[in-house]
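Participant: Got a structure for you, questions after.
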Amino acid sequence: MRVALAFLRGDLSAAGRVVPPTGFTARLTLLTAAAMAFLAVFALALSLATGRLADRWSEALARSATIRISAPAEQMQAQVQAVLGVLSTTPGIASYRPLEPEEMKALLGPWFGPDLPVDSLPLPQLIEVTETAKGIDAEGLRLRLAAEVPGAVLDDHTRWRRPLVAAAERLRMLGLLSLVLIGGAMAGMITLAAQAALAANGQVIRVLRLVGARDAFIAKAFVRRFTLRGLAGAALGTGAGMIAIALLPATDEAGAFLTGLGFAGAGWLWPLVIPPLAAVVAYGATRAAALRMLKGIR
Amino acid sequence: MIELQNVAMSYGGSELLSEMTLKLVPGSFHFLTGPSGAGKTTFLKLCYAELLPSAGQLSLFGSDVRGLGRDEIAGLRQRIGVVHQDCQFLDHLSVAENVALPLNATGRNVNEGELRELLSWVGLRAQAEALPPQLSGGERQRAALARAVMMSPDVILADEPTGNLDWEMSLRLLSLLIELNKMGKTVVIATHDLNLIRTAKKEVAARVLRIANRHLQLAGADL
């Protein structure tokens with residue numbers, strides 16, 4: 001860390017001064033780094049958000065399926081027993097229990113008010129089923145229920161989420177891939193900018209070699225400059241990206257399903273990794289370009 | 001300190017210089033002469049390892065040039081001052097900074113007093129803060145000489161240092177080089193200015209090397 005700081009601070013020293021200042025490419029490199037960092041913030045937000053989404057949906061998957069039994073009041077008890085019998089012999093079920101009248105009342109409350117006489121209504125009986133991690137064979141269970149308890153309907157409302165979880169996980173992969181591509185594109189662009197700077201400063205390099213400067217000194221003069229530009233540009237872009245994400249319209253729990261792009265809690269620290277990473281990329285790209293170029297000058 | 005044993009140099013298959021055998025001893029003063037394109041610059045480039053010989057043995061300060069790494073070459077050039085005919089500078093730095101460049105580029109501290117003294121010696125005290133493109137031809141040559149001797153090198157190689165200068169300025173530069181030689185530096189000057197050589201011979205025991213027909217010969221006292 002101290003070495004890195006000394007390296008960056010030294011811009012006013014000899015190595016920094018030997019390369020003439022270049023206004024245009026400097027601004028271009030800065031801008032490129034900023035744009036890439038801005039994009040990286042969104043790719044990162046996408047990865048983290050889809051990660052959270054996939055986790056949330058996976059969790060929901062493990063929750064209940066429901067079996068609804070509609071039967072005349074006098075047959076209800078027998079049918080419930082029959083369903084419980086079927087469930088007890090179905091693989092992939094962690095637990096199951098019929099809902100109590102009180103719970104039914106709580107569920108219906110929002111629609112019919114608190115004074116609903118649940119007992120006197122011909123309500124269907126609900127049985128909450130919790131699946132194991134492996135899950136149940138829904139089609140098989142449906143067929144068995146149809147054969148043994150015609151009034152029972154399996155509603156595995158969590159099923160539709162499974163492809164969505166897969167999609168979310170795929171999105172997370174794409175987000176991470178985007179990060180890698182952004183890093184690669186930035187390395188490429190900084191290499192091009194560095195190569196242009198090196199070519200434009202052929203005389204500087206020849207003079208330095210003539211007076212006995214080592215490759216490391218010459219490379220440092222260029223590398224430091226591009227590392228600083230990469231760092232500063234990425235810091236600007238990251239800042240702008242984080243502000244843009246913070247200013248996204250807030251959404252409630254349901255809306256977050258689609259627009260939950262953003263960071264949560266400690267996730268806000270992740271984008272802060274981008275500027276140092278950009279500096280490392282710039283350092284590596286410029287150093288490689290400089291040493292490659294120096295090989296051609298004795 | 002610079003020793004050639006049957007050294008040959010060829011470009012693209014055809015030999016420009018061949019069978020050169022020579023030993024430059026410390027404190028010697030040599031002129032290198034010959035027609036244009038004979039290979040004077042190539043010879044000097046061999047002497048500071050800008051070029052590698054295509055055949056033969058060339059050793060600089062006791063080590064074979066072929067075995068030198070890039071950093072060793074850099075170290076070597078700190079002991080060899082080079083003045084080109086068209087000297088190049090870092091055009092965005094002042095004359096004083098350019099003269100001090102060999103120290104800065106090798107991580108050494110610049111003694112401001114010594115730097116001023118050196119600039120006075122080459123007569124550039126007033127131009128210390130000027131930029132190289134603002135200098136005249138003679139001033140550029142003298143700035144290049146000051147830069148070449150900044151590190152107090154053992155050898156000074158000058159390639160047509162007076163090529164662009166009038167006679168008066170040439171003499172001034174020559175006297176600086178003679179002064180350096182009297183301080184014990186080995187000096188090699190490539191030139192085809194015979195008047196310059198004659199003038200120098202009056203003041204210093206200069207020997208003349210001539211490149212003719214691809215060979216390096218020690219010229220007699222016929223000048």
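Participant: Counting partner chain Cβ atoms within 10 Å of every residue's Cβ in B:48-60, what's the average?
Facilitator: Across B:48-60, the average partner-chain Cβ count within 10 Å equals 1.
Participant: Let me ask something additional. Which value, in debye to the nearest 20, gives the size of the charge dipole of segment A:64-157 about its Cα centre, when Lys and Arg are +1 and Asp and Glu are -1 at the Cβ?
Facilitator: Charge dipole of segment A:64-157: 200 debye, to the nearest 20.
Participant: Angle check, please: helix A:23-61 long axis (alpha carbons) against the longest principal axis of chain A (alpha carbons), in degrees 0 to 90, nearest 10.
Facilitator: Its long axis makes an angle of about 20 degrees.
Participant: How large is the Kirkwood hydrodynamic radius of segment B:22-107, in angstrom, based on all distinct alpha carbon pairs?
Facilitator: After inverting the mean inverse Cα-Cα distance, the result is 15.1 Å.
Participant: Taking only DSSP H segments of four or more residues, each worth -39500 (n - 2.57), what value at 222 nm results for the protein assembly as shown once the sum is divided by all its residues, to the nearest 500 deg cm²/dmol? Spell out each step's value before the answer.
Facilitator: On the way: 18 runs with 271 residues, N = 521.
-17000 deg cm²/dmol, from helical runs alone.
Participant: Based on the alpha-carbon gyration tensor of segment B:95-146 and its eigenvalue square roots a ≥ b ≥ c, which shape applies: rounded if a/c is under 1.5, prolate if not and a/b is larger than b/c, or oblate?
Facilitator: Because a/c hits 1.5 or more and a/b exceeds b/c, segment B:95-146 counts as prolate.
Participant: Can you give me the Cα centroid spacing of segment B:49-128 and segment B:131-166 in angstrom?
Facilitator: Going from one Cα centre to the other spans 11 Å.
Participant: If you wrap a convex hull around the Cα atoms of the protein assembly as shown, how much volume per residue is inside, in Å³?
Facilitator: Output value, Cα hull per residue: 207 Å³.
Participant: Additional query: Among the listed pairs A:Lys295/B:Lys45; B:Lys45/B:Lys202; B:Lys40/B:Lys201; B:Lys45/B:Lys185, give every one whose C-alpha distance is greater than 22 Å.
Facilitator: B:Lys45/B:Lys202
Participant: Next question, about the same structure. Karplus couplings for segment B:142-159 from phi (6.51 cos²θ - 1.76 cosθ + 1.60, θ = phi - 60°), rounded to Hz, Gly and Pro as x?
Facilitator: Working through the residues one at a time gives 6, 5, 5, 5, 4, 5, 5, 9, 3, 8, 6, x, 7, 10, 10, 10, 10, 9 Hz.
Participant: Continuing with this model, one more query. Just report the Cα centroid separation between segment A:184-221 and segment B:1-47, whole Å.
Facilitator: 31
Participant: Any idea what Rg and Dmax come out to for chain A if you just take the C-alpha atoms, in Å?
Facilitator: According to the Cα coordinates of chain A, Rg and Dmax are 31.8, 105 Å.
Participant: Just to be sure I understand the model, the point goes 7 Å from the Cα along the line to the Cβ. What's the resulting A:Leu174 to B:Ala126 distance in nm?
Facilitator: Output for this residue pair reads 7.3 nm.
Participant: Same structure, new question: Expressed as a whole number of Å, what is the distance separating the alpha-carbon centroids of segment A:28-95 and segment A:102-173?
Facilitator: With segment A:102-173 and segment A:28-95 each reduced to a Cα centre, they are spaced 13 Å.
Participant: Rounded, prolate or oblate, given the Cα gyration tensor of segment B:69-130, with a/c below 1.5 counting as rounded?
Facilitator: Judged from the Cα gyration tensor, segment B:69-130 comes out prolate (a/c at least 1.5, a/b above b/c).
Participant: For B:Lys201, put the label point 7 Å out on the Cα→Cβ axis and report which residues of segment B:153-178 keep their amide N under 13 Å from it.
Facilitator: none
Participant: Could you tell me what a quarter of the Cα convex hull surface of chain B works out to, in nm² with one decimal place? All intermediate terms of the calculation are to be shown ahead of the outcome.
Facilitator: On the way: hull surface 48.7 nm².
Mean projected area for chain B: 12.2 nm², to one decimal.
No lab work stands behind these numbers, since they all come straight from the coordinates. Owing to the predicted nature of the structure, the values given are computational and were not obtained by experimental measurement. Glycine gets a Cβ as well: all are built from the backbone with ideal geometry, and neighbour counts include every protein chain shown.
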